[in-house]
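Asker: Sharing a structure here in C-alpha cells format.
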C-alpha cells in the first residue's frame, strides 16, 4: 500500500492523477490523504472525481472515498482492461486531465482502447487539447506509445460540452527512453484564436496584438472558425515547431480581460521561452516526467531532458513518481535552464 499525503509540494490535483496512473500501472494499492489541501476548495471536485471513476472503470478497482469534496481516498487496482470507454466530467472541468490520468495505464493493456471524453477542452490550469495533440502525444510516439487524438467540439467555462476522442495503443513492450536536450532548429511559429460565439473583433484584436509583439504576420495569424453549437469562449494559442519538439502556449480569455491583455500575457510567455535555454517549456517539463519514468523503469536505462524552468508542479510530480517506481530524478541548473535526469534506482 502506497500512502500519499496530498498536501505536500504544490498540493493540487496532479498528485491525485499521478498517483492513480501509477497505481494502475504498477498494481500497487493507494491511500491518499489531504487531497488538494493546497487549494482554496480542497477535496475532490467534479473533474477529479471523474478521474477517479475513470481509473476505477478501466482496472476494476475497489475504491473508498470517491465522492464530491472527499479529502481521502483508498484505491485498490485490478488488471488494466482495454476497451471502449466514455467519460463525461458533467461540467466545464477539464476532460484533458481525465485523459492524462488513464493514458499511462492504457499503454499497459493488451489491446487498443478507444475513449470519448466530454467536458472542458481549453481550461485555465489544465493542458488544452492542442497541447496534448501537438506537444505531448508526439513525444509519446517517439517513446514507442502510439496514440491518435481528435477534437470534435471545443468546451469552455462555464458551458463545457467539449468532445474529445482518443485511441491509445498498448506499448508496454515498445517503450524506449530517449534524451531530449536540444530543441533543434526553429521550423515554424503560428498563432490561432478560438473564439466561438464571440464577436469577430475579439479574435482580430488578439491576433493583431500578438503578431505585433512576436513579429508574426500573414498566415502565421489564424482565426479558427467555430464548429456547430460551440458555446462562447476564447483561447489564444501560440505554437512553436522545432526540429526535436513542438511547444504550445495558451492564454484563456475571460470577462473583464481585454483582448490586448490576453495577447500580451501569451506574448510574454512565448518570449520568455524563446529567451531561455532548455528544450521543454515549464508545463511539458512537468508532464513529460511520468511517461519517461515508465520507460526508464521498464527498460532499466537512464534518460534525461532539459527544460527552461522547474516549477513546484514538476518537483512535486518527481517526488510522487518516486513513491511508486524504483527510479530517481536528479536536477541540475544549466545556464538559464535545467537538466533533469531519470535513472533506475
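The values are calculated or read from the model by the stated rules, or taken from the named source; none is laboratory data. Computed from a prediction, not measured in an experiment: that's the story for all the values here. Using ideal geometry, Cβ is built from the backbone for each residue, glycine included, and neighbour counts are taken over all protein chains shown.
Asker: Being surrounded by fewer than 15 Cβ atoms within 10 Å (Cβ to Cβ), touching a residue at least 60 places away in the same chain (Cβ under 8 Å), over 20 Å from the mean Cα position of the chain (by Cα) and outside any strand (DSSP E or B), is that true of even one residue in segment 196-210?
Answerer: At the first step, the residues of segment 196-210 found to be surrounded by fewer than 15 Cβ atoms within 10 Å (Cβ to Cβ) are 197, 199-201.
Now drop any that are not touching a residue at least 60 places away in the same chain (Cβ under 8 Å), which leaves none.
No: segment 196-210 contains no residue that is surrounded by fewer than 15 Cβ atoms within 10 Å (Cβ to Cβ), touching a residue at least 60 places away in the same chain (Cβ under 8 Å), over 20 Å from the mean Cα position of the chain (by Cα) and outside any strand (DSSP E or B).
Asker: When you scan segment 295-305, do you find a residue that is buried (at least 22 other Cβ atoms within 10 Å of the Cβ) and under 24 Å from residue 250 (Cβ atoms), even just one?
Answerer: The first filter runs over segment 295-305 and keeps only residues buried (at least 22 other Cβ atoms within 10 Å of the Cβ), leaving 295-297, 305.
Those left that are additionally under 24 Å from residue 250 (Cβ atoms): 305.
Scanning segment 295-305, I find at least one residue that is buried (at least 22 other Cβ atoms within 10 Å of the Cβ) and under 24 Å from residue 250 (Cβ atoms), so the answer is yes.
Asker: Assess whether residue 115 counts as being farther than 19 Å from residue 193 by Cα, part of a strand (DSSP E or B) and touching a helix residue (DSSP H, G or I) at 6+ places or on another chain (Cβ under 6 Å). Please lay out each step first, then the result.
Answerer: Details: farther than 19 Å from residue 193 by Cα: yes; part of a strand (DSSP E or B): yes; touching a helix residue (DSSP H, G or I) at 6+ places or on another chain (Cβ under 6 Å): no.
No.
Asker: If you don't mind, another one. Could we say that residue 325 is closer than 20 Å to residue 104 by Cα and surrounded by 15 or more Cβ atoms within 10 Å (Cβ to Cβ) here?
Answerer: Values: closer than 20 Å to residue 104 by Cα: yes; surrounded by 15 or more Cβ atoms within 10 Å (Cβ to Cβ): yes.
Yes, satisfied.
Asker: Of the residues 75, 87, which single one is touching a strand residue (DSSP E or B) at 6+ places or on another chain (Cβ under 9 Å), under 20 Å from residue 37 (Cβ atoms) and crowded, with 20+ Cβ neighbours inside 10 Å? Full working, then the answer.
Answerer: Values: 87 fails: under 20 Å from residue 37 (Cβ atoms).
Every option except 75 fails the conditions.
Asker: Go through segment 80-112 residue by residue and tally those that are within 18 Å of residue 148 (Cβ to Cβ) and part of a strand (DSSP E or B).
Answerer: Residues in segment 80-112 being within 18 Å of residue 148 (Cβ to Cβ) and part of a strand (DSSP E or B): 4 in total.
Asker: Tell me the residue from 185, 172, 126 that is in contact with a helix residue (DSSP H, G or I) (Cβ under 9 Å, 6 or more places away or on another chain) and either farther than 18 Å from residue 286 by Cα or not assigned by TED's automatic domain parsing to the domain that holds residue 94 (or both), please.
Answerer: Values: 185 fails: in contact with a helix residue (DSSP H, G or I) (Cβ under 9 Å, 6 or more places away or on another chain); 126 fails: either farther than 18 Å from residue 286 by Cα or not assigned by TED's automatic domain parsing to the domain that holds residue 94 (or both).
Exactly one of 185, 172, 126 is in contact with a helix residue (DSSP H, G or I) (Cβ under 9 Å, 6 or more places away or on another chain) and either farther than 18 Å from residue 286 by Cα or not assigned by TED's automatic domain parsing to the domain that holds residue 94 (or both), namely 172.
Asker: Also: Scan (1) crowded, with 22+ Cβ neighbours inside 10 Å; (2) touching a residue at least 40 places away in the same chain (Cβ under 8 Å); (3) under 20 Å from residue 125 (Cβ atoms) for the single condition residue 318 breaks and write down its number.
Answerer: (2)
Asker: Turning to a different aspect of this structure: Can you tell me how many residues in segment 274-286 are out of contact with any helix residue (DSSP H, G or I) (no Cβ under 6 Å at 6 or more places or on another chain) and either surrounded by 19 or more Cβ atoms within 10 Å (Cβ to Cβ) or at positive phi (or both)? Explain how you work it out, then say what you get.
Answerer: Keep residues of segment 274-286 that are out of contact with any helix residue (DSSP H, G or I) (no Cβ under 6 Å at 6 or more places or on another chain), which gives 274-280, 282-283.
This time we only want the ones that are either surrounded by 19 or more Cβ atoms within 10 Å (Cβ to Cβ) or at positive phi (or both), so: 278-280, 282-283.
Adding up the residues that qualify gives 5.
Asker: For segment 219-240, name all the residues that are free of Cβ contacts under 8 Å to residues at least 60 places away in the same chain, closer than 23 Å to residue 273 by Cβ and surrounded by 14 or more Cβ atoms within 10 Å (Cβ to Cβ).
Answerer: Within segment 219-240, 220, 221, 222, 224, 236, 238, 240 qualify.
Every residue, every condition in (1) closer than 19 Å to residue 317 by Cα; (2) crowded, with 24+ Cβ neighbours inside 10 Å; (3) within 16 Å of the chain's Cα centre (by Cα), yes or no:
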| position | (1), (2), (3) |
| --- | --- |
| 18 | yes, yes, yes |
| 26 | yes, no, no |
| 66 | no, no, no |
| 100 | yes, no, yes |
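Asker: It is to be established whether one or more residues within segment 33-48 are surrounded by 15 or more Cβ atoms within 10 Å (Cβ to Cβ), within 19 Å of residue 104 (Cβ to Cβ), within 21 Å of the chain's Cα centre (by Cα) and not assigned by TED's automatic domain parsing to the domain that holds residue 292.
Answerer: Among the residues of segment 33-48, at least one is surrounded by 15 or more Cβ atoms within 10 Å (Cβ to Cβ), within 19 Å of residue 104 (Cβ to Cβ), within 21 Å of the chain's Cα centre (by Cα) and not assigned by TED's automatic domain parsing to the domain that holds residue 292, which makes the answer yes.
Asker: Next question, about the same structure. Any residue at all in segment 180-188 that is surrounded by 15 or more Cβ atoms within 10 Å (Cβ to Cβ), within 27 Å of residue 263 (Cβ to Cβ) and under 25 Å from the mean Cα position of the chain (by Cα)?
Answerer: Yes: segment 180-188 contains one or more residues that are surrounded by 15 or more Cβ atoms within 10 Å (Cβ to Cβ), within 27 Å of residue 263 (Cβ to Cβ) and under 25 Å from the mean Cα position of the chain (by Cα).
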